[in-house]
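Each reported figure results from applying straightforward, stated rules to the coordinates on display, with no laboratory input. For clarity, every value in this text was computed on a predicted model and none was experimentally measured. As a convention, Cβ positions derive from the backbone with ideal geometry for all residues, glycine included, and neighbour counts pool all protein chains shown.
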Amino acid sequence: MYNNRSHQLVFVFSGMGTQWWAMGRQLMVSEEIFSNCIEEIDKLLTGFGAEWSLRHLLTMETDKDKIHRTDIAQPAICAIQIALAAVYRHFGIHPDVVIGHSVGEVAAAYVAGYLSLSDAVRLIYVRGKCLQETTGKGKMAAILSPVQNFQQELIKQYFFKGTKFLRSPKFPLKSKLAPIHVKMISTVNGKYLNAEVLNSSTYWWNNIRQTVAFENSLVKLLEGGYNVFLEIGPHPSLASPIKDTMVSFSEQSGVSYHGQVLSHKFSSTAFRYITNA
């Protein structure tokens, strides 16, 4: 069933691979809300054991490869996303629902109000450290095709040939929750989530191990009438898949669907553009 809504905004939090050297430097200077948020996250990361500085990484780092270390990239992406959302909020831009692609689910859960900032930062810090252990020991693929077309073949060819398993970490989510105002749809199980699920170690372990079912969850949003998608991340990566899914949805449902995807390499100019869109 297609529910027609007018201008229902989805914040889309992109995942790993969107990081780049010198990301955030302009906003660290031009947007006080952004820089203050980064400073707060930097202090939390230090408290959790990080031996590197997020603030230094985003303002003065000269090593262009450092940002691509998994244990650094994941917290940095999450921090950028949380800070970007804070600036959008300052400009009066609020989502009706959020969705995150893999690592993007951590920032999405925070922005939706299901995780405190402390818990979100602790979670992404532990997640990055765990996945750093697997660096160079596997491959990842993003395939723009229905999953049933290739899933079984991939399983036979790759998944059971020397797979290395990580010990399931215990994510200590303890802090008091922020008020919950926004829906969040999962790209792990395709369901709308609640606080109990999002504050469990099991969910976040599945977030690491399970296939990212972004398309399935996106279709559910389209069926619900959500029609404006704003990508939140260091670099646009999901605009094309979202647009392709919109076209496929229209063809398969027989509904003339008109949606909009806003995806900008962030800057103060981009904020003003989106605010006036």
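For the reader, a short list of remarks on this structure follows.
- Near F13, the amide H atoms lying under 5 Å from its own belong to I99, G100, H101, I232; only residues 5 or more places off or on other chains count, and H is placed 1.01 Å from N.
- Rounded to the nearest Hz, the phi-derived 3J(HN,Hα) couplings of the stretch 114-126 under the Karplus curve 6.51 cos²θ - 1.76 cosθ + 1.60 (θ = phi - 60°) are 8, 10, 6, 4, 4, 5, 4, 5, 4, 4, 5, 5, 5, where x marks glycine and proline.
- 12 Å beta-carbon shell around G190, net charge (K/R +1, D/E -1): 0
- V261 long-range amide H proximity, modeled H, under 5 Å: F229
- Protection proxy ranking for 47-54, 93-100, 67-74, 79-86, using the average of other Cβ atoms within 10 Å per residue and placing the highest first: 79-86, 93-100, 67-74, 47-54.
- Estimated FRET transfer efficiency (A22, Q252; beta-carbon r; R0 45 Å; 0.05): 0.60
- Subset of K129/K191; K43/K183; K43/K129; K129/K183 violating a 21 Å alpha-carbon distance limit: K129/K191; K43/K183; K129/K183
- Judged by the mean number of other Cβ atoms found within 10 Å, the most tightly packed of the peptides 228-236, 205-213 leads the ranking 228-236, 205-213.
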